[in-house]
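*Asks:* One structure is given below, represented as structure tokens, and several questions about it will come after.
The values are calculated or read from the model by the stated rules, or taken from the named source; none is laboratory data. Computed from a prediction, not measured in an experiment: that's the story for all the values here. Don't worry about glycine lacking a Cβ; one is built from the backbone with ideal geometry, like all the others, and counts go over all protein chains shown.
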């Protein structure tokens, strides 16, 4: 019995290691080529696995990319949670949150591009929302719901920070959920704009300007 448990434990560890290898390989391919140009053959070659082995872990390119995106959002959410927990003013934490979010997404530009620009991926998400009759795998449904949940958690986190600013008197009373959703849209809109801009962005300068515009609407008049 003990040998069987050890064997099963080793097998679980081996499968987890293989899964992580595949995800790292897929992220590398995604960063180089983007969602539309990425193929399962590319990922298999990058991971140095056979394509048959790859399909034992992920049934489609969409399923594989969904998991990468879930991890991407989880990492960003963890980073923003740390910033929100700092012993600083709501104003400073808001600025640092915007700066960290923009820099994080800029560092993984092709993953960000999947979210905001890639037509193939956007059509898949739109089909999930607008075409409930379409057949999706259980894994695809699960990952899309995870993505929506992680994005919602980040927006709620921004709302929590804004609410703290209202409670401390730094920010004027306002519609917190609407303001949080607006800030999320501002960041997404910023990356849409950058994809059409030939010049390299000065992120620190852009975020200072972004924060200044936002705070003019949030802060009390006397501030």
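*Asks:* Please count how many residues of segment 175-207 are at pLDDT 90 or above, outside any helix (DSSP H, G or I) and surrounded by 14 or more Cβ atoms within 10 Å (Cβ to Cβ).
*Replies:* 0
*Asks:* Only one residue in 106, 127, 167, 139 is out of contact with any strand residue (DSSP E or B) (no Cβ under 6 Å at 6 or more places or on another chain), at pLDDT 90 or above and in a helix (DSSP H, G or I), so which one is that?
*Replies:* Going through 106, 127, 167, 139 in turn, the sole match is 167.
*Asks:* Among the residues of segment 79-95, is there at least one that is outside any helix (DSSP H, G or I) and farther than 20 Å from residue 166 by Cβ?
*Replies:* No, every residue in segment 79-95 fails to be outside any helix (DSSP H, G or I) and farther than 20 Å from residue 166 by Cβ.
*Asks:* Condition (residue is over 17 Å from the mean Cα position of the chain (by Cα), modelled with pLDDT of 80 or more, in the same structural domain as residue 78 (by TED's automatic domain parsing) and surrounded by fewer than 17 Cβ atoms within 10 Å (Cβ to Cβ)) applied to segment 152-160: is it met by at least one residue?
*Replies:* yes
*Asks:* So which of 90, 100 is modelled with pLDDT of 90 or more and over 14 Å from the mean Cα position of the chain (by Cα)?
*Replies:* Of 90, 100, the one residue that is modelled with pLDDT of 90 or more and over 14 Å from the mean Cα position of the chain (by Cα) is 90.
*Asks:* Further question on the same structure: List pairs: first residue in segment 77-91 and in contact (Cβ under 8 Å) with a residue 24 or more places away in the chain and in the same structural domain as residue 156 (by TED's automatic domain parsing), second residue surrounded by 13 or more Cβ atoms within 10 Å (Cβ to Cβ) and part of a loop (DSSP other than H, G, I, E, B) anywhere in the structure, Cβ distance under 8 angstrom, at least six positions apart or on different chains.
*Replies:* The qualifying pairs are 89/170; 90/170; 91/170.
*Asks:* For a quick check of your reading of the model, give me the residue pairs whose first member lies in segment 15-34 and is assigned by TED's automatic domain parsing to the domain that holds residue 64, whose second is modelled with pLDDT of 90 or more, with beta-carbon atoms closer than 8 Å and at least 6 apart or on different chains.
*Replies:* The qualifying pairs do not exist here.
*Asks:* Shifting gears a bit: Filter segment 27-58 down to the residues that are in a loop (DSSP other than H, G, I, E, B) and under 24 Å from the mean Cα position of the chain (by Cα) and list them by number.
*Replies:* Matches in segment 27-58: 38, 39, 58.
*Asks:* Shifting gears a bit: Would you mind telling me which numbered condition in (1) more than 17 Å from the chain's Cα centre (by Cα); (2) surrounded by 11 or more Cβ atoms within 10 Å (Cβ to Cβ) residue 24 fails?
*Replies:* (1)
*Asks:* So which residues in segment 41-60 are in contact (Cβ under 8 Å) with a residue 24 or more places away in the chain and buried (at least 17 other Cβ atoms within 10 Å of the Cβ)?
*Replies:* Once the filter is applied, which keeps residues that are in contact (Cβ under 8 Å) with a residue 24 or more places away in the chain and buried (at least 17 other Cβ atoms within 10 Å of the Cβ), segment 41-60 yields 47, 49, 54, 57, 58.
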